[in-house]
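Heads up, the thing below is written out as structure tokens.
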Amino acid sequence: MKYYDQHLHTDFSYDSEESFERYLEAFSGFIVTTEHFDLANPVTGEDNIPDYLAYTQKVDQLNQKFDNRILKGIEIGYFAGEKQRTLDYLDDKDYDLKLLSVHHNGVFDYLDDFVASMDYNEIIPQYLAKLTEAIDSIPANVLAHFDYGFRLFDLSVHDLKRYETQLIDVFKASIEHNLAFEINAKSAYLYHNLTLYDYAIDLYRSLGGKRFTIGSDGHKLEHFRLHFDELINLAKEKGIKQLATYQKGQVKMVDI
Ligand SMILES: [Zn+2]
Ligand SMILES: [Zn+2]
């Protein structure tokens, strides 16, 4: 089976206008979308919740037309102040794949423009602490874009290593909760963090982590499966022989 994208958005996400159909026409394998769930989102000033009923109906309808190739997913943006509402929302929903992210701290999103001029020595420890808390709080399948909180800083591996102790805490929690580590194509190529991923993959493996996914984090067709061949080669070079996919929340390892 051709490895399929494990992080993708359609117009069921507040910040995407892409349609399911265009991804389905561009690729012959499985399509799983991971729509944004971000409560108290400072970007929009509201709760952003994918319409589960409409989403489920759309997936069911497309599955009839496209040979059962569509899986359901969600990208859970964790915010401590909304932990209970998040758990309550997820309680009666069925997803094939759940990504776990931290996008904001209640005041700003880590991709807001002004964050680039903030001191990363303040932002990174705060962000990593929230990641560990998210992992300990919300059951999910994949730790998405571990670097989201510092995408806007031009960090070298040397810079990031100053936070290695805290990063190890994040990764240990992630491994303990059976989360896969996501290799995020948008971070690697559009935010130029490939070297940070190279380092983080090795660190994750050195701690016993065995599950990895590749996700484009595409919000439009142009970014779908972005640089997938290169990222699959990177995984192979590191001795990773299988990547994780998810169906009904169960991991399925796929040879690469
Ligand atoms: Zn995200
Ligand atoms: Zn995303």
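The values are calculated or read from the model by the stated rules, or taken from the named source; none is laboratory data. Please read all numbers here as calculations on a predicted model, not as lab measurements. When we count neighbours, we look across all protein chains shown, and the Cβ atoms used for this are built from the backbone with ideal geometry, even at glycine. In case anyone asks, the SASA skips ligands and DNA or RNA and just uses the protein heavy atoms, side chains included. Shrake-Rupley method; radii C 1.70, N 1.55, O 1.52, S 1.80 Å.
Can you give the calculated 222 nm mean residue ellipticity of the chain, where each DSSP H run of n ≥ 4 adds -39,500 (n - 2.57) and the sum is split over every residue, rounded to the nearest 500 deg cm²/dmol? Please list the in-between numbers first.
Details: 8 runs with 89 residues, N = 256.
Computed mean residue ellipticity for the chain: -10500 deg cm²/dmol.
Which one, Gly215, Tyr4, Tyr55, is farthest towards the positive end of the dipole of the chain when Lys and Arg carry +1 and Asp and Glu -1 on their Cβ?
Tyr4
For the chain, what % of the accessible area comes from carbon and sulfur atoms, probe 1.4 Å? Write out the running numbers ahead of the final one.
Values: 5110 of 11190 Å².
Carbon plus sulfur share of accessible area: 46 percent.
Give me the accessible area per residue for the chain, probe 1.4 Å, as a whole number in Å².
Result: 44 Å² per residue.
Along the positive direction of the dipole of the stretch 20-255 (beta-carbon charges: Lys, Arg +1; Asp, Glu -1; about the Cα centre), which of Pro125, Ala185, Ala40 reaches farthest?
Result: Ala185.
Could you give the length gained by full extension between Arg205 and Asn63, i.e. 0.36 nm per residue of separation minus their alpha carbon distance, to one decimal place?
Numbers: separation 142, 0.36 × 142 = 51.12 nm, distance 3.61 nm.
Working it through step by step, the gained length comes to 47.5 nm.
Using a 10 Å cut-off on Cβ atoms, rank the peptides 178-187, 201-210 from the highest mean neighbour count down.
Going by the mean number of other Cβ atoms within 10 Å, highest first, we get 178-187, 201-210.
Measure up Lys65/Lys236; Lys2/Lys83; Lys93/Lys210; Lys65/Lys220; Lys65/Lys238; Lys93/Lys186 against 32 Å on the Cα-Cα distance and list the ones that go over. Walk me through the intermediate numbers first.
Numbers: Lys65/Lys236 35 Å; Lys2/Lys83 36 Å; Lys93/Lys210 27 Å; Lys65/Lys220 22 Å; Lys65/Lys238 39 Å; Lys93/Lys186 28 Å.
Pairs exceeding the cut-off: Lys65/Lys236; Lys2/Lys83; Lys65/Lys238.
Where the only charges are on Cβ atoms (+1 Lys, Arg; -1 Asp, Glu), what is the dipole of the stretch 20-255 about its Cα centre, to the nearest 20 debye?
Here the stretch 20-255 has a charge dipole of around 880 debye.
By average Cβ neighbour count within 10 Å, what is the ranking of 152-159, 2-9 from highest down?
With the highest mean Cβ count within 10 Å placed first, the list reads 2-9, 152-159.
Can you give me the relative contact order of the stretch 47-142 as a percent, contacts being Cα pairs under 8 Å and 6 or more apart?
Computed value for the stretch 47-142: 29 percent relative contact order.
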